[in-house]
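The values are calculated or read from the model by the stated rules, or taken from the named source; none is laboratory data. From a predicted model like this one, the values you see are computed outputs, not experimental measurements. Every residue, glycine among them, receives a Cβ derived from its backbone with ideal geometry; neighbour counts consider all protein chains shown.
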Amino acid sequence: MAMFSRDRNVEQAGWASKAMSVEEYHQLEQLSPDRKYEYINGVAYMISGGSIEHDQIRRNIESALARQLRTGPCRVFGVDVQVLLGTKKNGRPHFVYPEATVSCKESDRRRGNTLIEAPRVVVEVLSPSTEGRDGGIKFRAYQHCPTIQEIVLVNQYLPYIEVWQRDENQPDNPKAWRYRHYSAGEAVELTSLTIQISMEEIYLDVAFAEEDEEELI
């Protein structure tokens with residue numbers, strides 16, 4: 001197995017799309033603890049920072065989910081918590097950091113846990129630097145994860161949210177998903193959690209650029 005050296009600059013963008021084994025990926029994490037890397041289809045991707053709007057939306061969603069799930073068996077986890085995505089087809093692991101993750105499995109919320117193994121809902125706030133991956137290979141990895149019931153993609157430049165819900169009549173078909181989108185004034189429905197979150201709450205304190213707002217007219 002190839003080994004990484006601390007003398008190498010693992011922070012460089014060259015490592016942001018590096019093919020490696022699972023063992024090498026975990027070693028990369030240890031050698032660069034101040035960075036986060038996702039591991040999808042055998043490739044490690046370095047996660048970059050986001051805008052203040054991106055961060056505000058992420059915190060709004062996490063707060064809204066935490067408030068509504070407080071009394072039930074499900075819990076929301078933030079962007080710093082790693083999520084394991086397995087697949088029924090070949091068992092290949094993917095390690096990702098969604099903006100927010102909801103799990104209803106008791107072992108995922110045990111004290112000291114650092115890896116969510118049964119995500120039910122995942123949320124991504126799209127950025128120009130990650131939109132291709134979040135809506136491409138990462139999205140497909142989400143679809144193949146048997147425990148995920150809903151995938152939420154959030155636009156940070158316009159009040160617009162897309163939700164994919166697994167077809168309960170075809171739970172083993174990774175391509176069987178129902179699609180809905182939401183705009184300003186609506187409430188996003190997460191059926192697997194039996195909750196709704198208003199668009200106003202999700203975009204609270206987010207100021208859109210005038211040219212962005214004109215696109216909605």
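Structural remarks
- Filtering segment 25-47 to residues that are assigned to a strand (DSSP E or B) and out of contact with any Ser or Thr (no Cβ under 8 Å at 6 or more places or on another chain) leaves 37, 38, 39, 40, 46.
- Any hit, segment 179-201, residues being part of a loop (DSSP other than H, G, I, E, B), within 20 Å of residue 75 (Cβ to Cβ) and more than 19 Å from the chain's Cα centre (by Cα): yes
- Test: residue in segment 180-190 that is without any contact (Cβ under 8 Å) to a residue 24 or more places away in the chain, assigned by TED's automatic domain parsing to the domain that holds residue 68 and buried (at least 18 other Cβ atoms within 10 Å of the Cβ): yes
- For segment 70-90, a residue qualifies if it is over 18 Å from residue 173 (Cβ atoms), of a type in the set (Gly, Ala, Ser) and modelled with pLDDT under 95, and exactly one does: 72.
One line per residue, one yes/no per condition, for (1) touching a helix residue (DSSP H, G or I) at 6+ places or on another chain (Cβ under 8 Å); (2) in a strand (DSSP E or B):
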site	(1), (2)
68	no, no
71	no, no
92	no, no
95	yes, yes
98	no, no
101	no, yes
107	no, no
111	no, no
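- Members of segment 134-173 that are at pLDDT below 90 and surrounded by 18 or more Cβ atoms within 10 Å (Cβ to Cβ): 134
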